[in-house]
1. Scan the range 35-49 and tell me whether some residue there is in a strand (DSSP E or B) and hydrophobic (A, V, I, L, M, F, W, C).
2. Please state which one of D109, D56 is under 18 Å from the mean Cα position of the chain (by Cα) and part of a loop (DSSP other than H, G, I, E, B).
3. In the range 145-170, which residues are over 12 Å from L120 (Cβ atoms) and in contact with a helix residue (DSSP H, G or I) (Cβ under 7 Å, 6 or more places away or on another chain)?
4. Identify all residues within the range 79-106 that are in contact with a helix residue (DSSP H, G or I) (Cβ under 8 Å, 6 or more places away or on another chain) and farther than 19 Å from V26 by Cβ; write none if there are none.
5. Of everything in the range 232-257 that's assigned to a helix (DSSP H, G or I) and among the basic types (K, R), which residue is nearest to T184 (Cα to Cα)?
6. Could you check how many residues of the range 178-203 are surrounded by fewer than 17 Cβ atoms within 10 Å (Cβ to Cβ) and closer than 22 Å to S37 by Cα?
7. What residue, of I176, I157, I168, is part of a loop (DSSP other than H, G, I, E, B) and either touching a Cys at 6+ places or on another chain (Cβ under 7 Å) or touching a residue at least 40 places away in the same chain (Cβ under 8 Å) (or both)?
8. Within the range 29-44, can one find any residue that is at pLDDT 95 or above and touching a Pro at 6+ places or on another chain (Cβ under 9 Å)?
Amino acid sequence: MADERRNEVWNELKANLNEIKKPKNVLLLGEYGTGKSSFINTVITALTGRYRYYADIGSGNLHCTTRLHKIFREEYWNPEKEEDRALNLPNFIDIIGLDVQLSNPFEVDTVNSQIMNLILNGKLSEDTDLLDLGMKLKEGKKIKEIPEDESLVIDIIVIVVSLEDDKIQHTLLDEIYKESNKRTRQFPVFAVLTKSDKCNDQKKLEKKKKDIAEEISIDVKKILICKNYHEGQNPDSRDVEILEFLTKLCDPCLKVVKLHKVKVEEEQATSTPIPPTYGCSLM
């Protein structure tokens, strides 16, 4: 039954991918240690059946991912079937974990919000040292941003939250919400709750899922609860839910909405959040 469902989901995913003109750029956002890089490897494992370190992961208290790292579809996707090679699976953008101490509800342009805005709009070159960038922004120094690079402009945001920690970083999530729904564009937003093996209380897990959905104003159906793969593990039944989530990410209806200048100015003047619009609803 699991194999049958997997085949069904895979066919649904392929149907969506066949309607997409080019691979979408998916940005992973979250604080340090939530499992962003591991989730990228997990999705690729579900697709290819083999675990590899496409996104580098680390341990301890130091950042492993410190630069803007784009993992191109071509890097991980080379199936045996020729008909599947042209499928426009997403590119993944992996960045440094955001420091919650650099978010402040009383500041308009915090370090985190500036970093997110630059990345979302394709104004940082690949391999930008984000640790160095954060230090310069914190010190108020001028930074070098490139003209908007369409190949790096983000199409979808995936917020990654760890279930290992009971706390919800409200200020950081609020900043992500604002950056994804204000300024010049509105972005489709999804979320992943990682390390599900660290939370054995189902009621607590469902409450956190609901709370996060409300915090960032998305449907709970756009949140995946996941236990990441690790080296040496073989793909198992969790593939189905991961591929279902990826099918939603690759829905051809999902588009970035460009905001008119007047609408942006009104938003800034009133400070009233603009409800997210994604072009279609996901069931």
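1. No, the range 35-49 contains no residue that is in a strand (DSSP E or B) and hydrophobic (A, V, I, L, M, F, W, C).
2. D56 is the lone residue from the list that is under 18 Å from the mean Cα position of the chain (by Cα) and part of a loop (DSSP other than H, G, I, E, B).
3. Within the range 145-170, E145, I159, V160, V161, L163, E164, I168, Q169, H170 meet the criteria.
4. P79, D84, D99, V100, L102, S103, N104, P105
5. K248
6. Going through the range 178-203 one residue at a time, the tally reaches 2.
7. It is I168.
8. yes
The values are calculated or read from the model by the stated rules, or taken from the named source; none is laboratory data. All values reported here derive from a predicted model rather than from experimental measurement. Note: ideal-geometry Cβ built from the backbone for every residue, glycine included; neighbour counts use all protein chains shown. Note: accessible area is taken over every heavy atom of the protein model, side chains too, but ligands, DNA and RNA are not part of it. Shrake-Rupley method; radii C 1.70, N 1.55, O 1.52, S 1.80 Å.
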